[in-house]
Amino acid sequence: MKRLTYTLLTGVLFLGPIISFTVPAAEASYGMSATTQLKDSELTIENMLRYAIEDEYLARGEYQKIIEKFGEKRPFTNIIKAENRHISWLKPLFKKYGVPLPADRGLEFAIVPDDYAETFRIGVNAEILNIRMYSRFLAQPGLPDDIRDVFSRLMKGSENHLAAFKRGIR
């Protein structure tokens, strides 16, 4: 029994910090999570568009579930509208560049914590990672101007959402 307690305590102490700073997503190949597994040379227009829209789907799904669980509260009611706008900016690019539009599986992968305050901490982490993702996309050579414009606007949106989530932590 003593050994089991020690093993569990060691696991919690070791894994706790790692788990607490991850973005909740059920699958590492969905949305922004997948970009961390690719080298810059592997970032194509097709997969950048796919990761961007999957990330928007996931964010919208998470905010929808947060609203269902905790009620219609700002900033989530405002940000979910922004996510819909972001998706509408991305969709025409899929058609223009002949990229298949992925299914919206955001609700399927969305994970909502039990604690409302935790939603803000998760939001901060997610937006920091989004900004990194879009910075990386924007650094790709030969990125068409229309895609660059949308990615720039999406990064600006992430910066705005980051500020809103930081205010929620205070």
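The values are calculated or read from the model by the stated rules, or taken from the named source; none is laboratory data. If you're wondering where the values come from, they're calculated on a predicted model, not measured in any experiment. Please note: Cβ atoms are built from the backbone with ideal geometry, for glycine as well, and neighbour counts cover all protein chains shown.
Would you point out which residue out of 163, 82 is more than 17 Å from residue 51 (Cβ to Cβ), aliphatic (A, V, I, L, M) and surrounded by fewer than 16 Cβ atoms within 10 Å (Cβ to Cβ)? Matching residue, one of 163, 82: 163.
For the range 33-71, the set of residues classified as at pLDDT below 80 and under 14 Å from the mean Cα position of the chain (by Cα) consists of 33, 34, 35, 36, listed by residue number. Screening the range 61-166 for helices (runs of 4 or more DSSP H) wholly inside it with 2 or more residues that are free of Cβ contacts under 8 Å to residues at least 12 places away in the same chain and of a type in the set (D, E, K, R) returns the ranges 76-96, 116-138.
Results for (1) modelled with pLDDT under 90; (2) exposed (fewer than 13 other Cβ atoms within 10 Å of the Cβ); (3) in contact with a Phe, Trp or Tyr (Cβ under 8 Å, 6 or more places away or on another chain); (4) among the basic types (Lys, Arg), shown as yes or no for each residue.
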{"residue": "108", "(1), (2), (3), (4)": "yes, no, no, no"}
{"residue": "127", "(1), (2), (3), (4)": "yes, no, yes, no"}
{"residue": "136", "(1), (2), (3), (4)": "no, no, no, yes"}
{"residue": "142", "(1), (2), (3), (4)": "no, yes, no, no"}
{"residue": "169", "(1), (2), (3), (4)": "yes, yes, yes, no"}
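Report yes if some residue within the range 111-122 is surrounded by 13 or more Cβ atoms within 10 Å (Cβ to Cβ) and more than 20 Å from residue 162 (Cβ to Cβ); otherwise report no. No: the range 111-122 contains no residue that is surrounded by 13 or more Cβ atoms within 10 Å (Cβ to Cβ) and more than 20 Å from residue 162 (Cβ to Cβ). In summary, residue 131 fulfils each of the numbered conditions (1) over 13 Å from the mean Cα position of the chain (by Cα); (2) modelled with pLDDT of 90 or more with the single exception of condition (1).
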